[in-house]
Every structure is written in structure tokens, then in C-alpha cells.
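To start, the structure under review is shown below, and the notes come after it.
The values are calculated or read from the model by the stated rules, or taken from the named source; none is laboratory data. For clarity, every value in this text was computed on a predicted model and none was experimentally measured. Cβ: placed from backbone, ideal geometry, glycine included. Neighbour counts: every protein chain shown.
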Amino acid sequence: MAADTQHTPEPGTKAARREKAKQLRESEKQREQRNRRLRRIALVTAAVVAVTGGLYLVFNQSEQAAQNVSYDVGKPGIGKTAPDFTLASSAGGKESLAGHRGETVLLYFHEGGGCQPCWDQIVDLDKTWKKFEGLGVDTMLSVTTDPADLTKRKVKDDGIKSPVLSDPDLKVSKEYTTNQYGMMGGSTNGHSFILVGPDGEIQWRADYGGAPDYTMYVKVDKLLDDLKAGRKA
């Protein structure tokens with residue numbers, strides 16, 4: 001069989017005019033498709049710029065808030081005996097405050113759960129712990145109201161080195177009134193640091209960002225400055 005061949009219409013014929021009109025339509029269609037693609041790209045680019053700018057603004061505001069945040073001093077306050085406790089530890093078994101008698105202990109009560117900045121706080125404290133040792137602090141014990149199994153899993157996921165203790169019934173948190181600074185109507189902790197001396201007496205306390213300006217993260221240098229100033233006072 002002979003191969004099919006494509007015939008070009010003779011110029012000026014009706015067939016040629018139809019072919020030219022067809023080519024014009026196809027060219028117009030391609031141009032419109034190209035314009036639509038360009039419009040979509042422009043819209044996506046504008047959206048990315050807007051989101052990036054918004055995230056930068058939020059991050060910048062968060063950074064400033066973390067640096068400038070003030071704190072209250074709840075009860076029991078400075079000079080009072082820190083209530084003893086024994087809680088399940090992410091390191092396994094149980095841990096008590098009395099077991100650290102003779103050491104200077106930094107207690108960190110936090111919301112836990114879905115509060116990633118709270119966990120980021122512990123990670124950053126672990127990384128910079130030598131600065132706290134330079135101030136004579138021996139140990140940090142974090143306390144959250146999450147169940148022990150969830151706390152243990154989170155500690156592993158985030159690579160946290162210091163022990164995190166579980167206080168699911170808020171018994172210890174209420175003794176330290178740290179739940180009064182939380183965002184969930186007293187059912188979780190806020191963001192509280194309490195320094196307990198070797199004799200079991202509270203040397204410094206900072207309950208950061210209670211209502212209405214809740215804070216779930218404090219820059220390490222800000223925390224160190226507040227601790228040094230508070231102990232001098």
C-alpha cells in the first residue's frame with residue numbers, strides 16, 4: 001500500500017483559507033493557555049510572598065516577645081520551703097525533689113502536650129546548660145501534666161536529655177500554683193521557673209506570661225539575666 005501523504009492546499013483556495021483560519025484559532029488557543037499559566041504563576045507567587053511576609057512578621061513579633069516578656073511571682077514565693085514531690089520520670093522510675101537535697105535545682109513547669117515552644121525551651125536549656133552551671137545550678141527538673149507514656153515518647157522524639165516528670169492529676173502543679181498561669185483554665189501549667197536551693201528553700205521564681213499575655217517560650221539569655229537579677233534582689 002502506498003504511504004499516506006499530507007497535501008497542502010493551493011494558495012487562495014477555499015481549503016487554504018480554512019486551513020489558515022484553523023491555524024489562527026489554534027494559535028489564539030495556545031496564547032490564551034499560556035496567559036492562563038502566567039496568571040496562575042503570578043497568583044501563586046503573590047500568595048507565597050504574602051505568606052512568607054506574614055510568617056516573618058509573626059516570628060519577629062514572637063522573638064521580641066520572648067526577649068521582653070515580664071513575669072509574676074506566684075506562691076510559694078522566695079524564702080518559702082519548696083513542697084516535696086515524687087513523680088514518674090521520662091528517664092524511667094520515679095524522681096523526687098527530696099532526692100536532690102544538697103543541690104540547686106531549677107524546676108520548670110510547662111504546658112506540655114501540643115505546646116511545641118515549651119519543648120523547644122527544654123531543648124535550648126539542655127544545649128546551654130553550662131551557662132546555668134556557671135550560676136551554680138546543678139539540675140533541671142521539668143514538670144508537665146501529660147501522662148507519663150506520652151511524656152516519655154515526646155522526650156525521645158525531641159532528643160531531650162534532662163528528665164521530664166509527669167503530674168497528670170495536677171497535685172504538684174496546684175501546690176506550686178503554676179496551673180494558675182496556664183491558658184486552659186487551670187487544667188495545665190503555664191510557663192514557670194522555680195529555683196530551689198540546696199536546703200530546699202525557694203531562691204527565685206518567675207511565672208512568665210500569665211493572662212492576658214501568655215508566653216510559652218523565654219529566650220535563654222533573658223532567663224539567665226532574670227535569674228541573676230532575682231537572686232541578687
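Since Phe59 meets every condition but one in (1) at pLDDT 95 or above; (2) part of a helix (DSSP H, G or I); (3) of a type outside the set (Ser, Thr, Tyr), which condition does it not meet?
(1)
Among the listed residues Asp124, Asp138, identify the single one that is exposed (fewer than 14 other Cβ atoms within 10 Å of the Cβ), among the acidic types (Asp, Glu) and in the same structural domain as Gly197 (by TED's automatic domain parsing). Spell out the reasoning first.
Details: Asp124 fails: exposed (fewer than 14 other Cβ atoms within 10 Å of the Cβ).
Criteria check complete, one pass: Asp138.
Every residue, every condition in (1) at pLDDT 80 or above; (2) among the aromatic types (Phe, Trp, Tyr); (3) within 22 Å of the chain's Cα centre (by Cα); (4) surrounded by fewer than 10 Cβ atoms within 10 Å (Cβ to Cβ), yes or no:
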site	(1), (2), (3), (4)
Glu28	no, no, no, no
Leu38	no, no, no, no
Val44	no, no, no, no
Thr52	no, no, yes, no
Glu63	no, no, yes, no
Val69	yes, no, yes, no
Gly74	yes, no, no, no
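A quick yes/no check of all residues on (1) touching a strand residue (DSSP E or B) at 6+ places or on another chain (Cβ under 7 Å); (2) within 15 Å of Lys152 (Cα to Cα); (3) of a type in the set (S, T, N, Q); (4) surrounded by 22 or more Cβ atoms within 10 Å (Cβ to Cβ):
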{"site": "Ala82", "(1), (2), (3), (4)": "yes, no, no, yes"}
{"site": "Ala91", "(1), (2), (3), (4)": "no, yes, no, no"}
{"site": "Ser96", "(1), (2), (3), (4)": "yes, no, yes, no"}
{"site": "His100", "(1), (2), (3), (4)": "yes, no, no, no"}
{"site": "Phe109", "(1), (2), (3), (4)": "yes, no, no, yes"}
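If Thr188 satisfies every condition in (1) in contact with a Phe, Trp or Tyr (Cβ under 7 Å, 6 or more places away or on another chain); (2) at pLDDT below 95; (3) not small (Gly, Ala, Ser) but one, which is the exception?
Answer for Thr188: the failing condition is (1).
Keeping to region 184-198, report how many residues are more than 20 Å from the chain's Cα centre (by Cα), touching a residue at least 24 places away in the same chain (Cβ under 8 Å) and not in a strand (DSSP E or B). Walk me through it before giving the result.
So in region 184-198, the residues more than 20 Å from the chain's Cα centre (by Cα) come out as 185-186, 194-198.
Of the ones still in play, those that are also touching a residue at least 24 places away in the same chain (Cβ under 8 Å) are 194-198.
Checking which are not in a strand (DSSP E or B) leaves us with 197-198.
Total meeting the criteria: 2.
Could you list, ordered by first residue, the pairs with Cβ atoms under 6 Å in which the first is in region 154-173 and free of Cβ contacts under 8 Å to residues at least 60 places away in the same chain and the second is buried (at least 18 other Cβ atoms within 10 Å of the Cβ), at least 6 apart or interchain?
Every condition considered, the pairs that remain are Asp158/Trp119; Ser162/Met140; Pro168/Thr145; Leu170/Thr145; Leu170/Asn179.
Can you find, within region 212-233, the residue that is surrounded by the most Cβ atoms within 10 Å (Cβ to Cβ) among those that are among the hydrophobic types (A, V, I, L, M, F, W, C) and without any contact (Cβ under 8 Å) to a residue 12 or more places away in the chain?
Keep residues of region 212-233 that are among the hydrophobic types (A, V, I, L, M, F, W, C), which gives 216, 218, 220, 223-224, 227, 229, 233.
Filter again for without any contact (Cβ under 8 Å) to a residue 12 or more places away in the chain, leaving 229, 233.
Numbers: Ala229: 10, Ala233: 7.
Per the stated criteria, the residue is Ala229.
For Thr177, are the conditions met, namely being of a type in the set (Val, Ile, Thr), surrounded by fewer than 23 Cβ atoms within 10 Å (Cβ to Cβ) and out of contact with any helix residue (DSSP H, G or I) (no Cβ under 7 Å at 6 or more places or on another chain)? Before the answer, list the steps.
Values: of a type in the set (Val, Ile, Thr): yes; surrounded by fewer than 23 Cβ atoms within 10 Å (Cβ to Cβ): yes; out of contact with any helix residue (DSSP H, G or I) (no Cβ under 7 Å at 6 or more places or on another chain): yes.
Considered against the rule, which asks whether it is of a type in the set (Val, Ile, Thr), surrounded by fewer than 23 Cβ atoms within 10 Å (Cβ to Cβ) and out of contact with any helix residue (DSSP H, G or I) (no Cβ under 7 Å at 6 or more places or on another chain), Thr177 comes out as yes.
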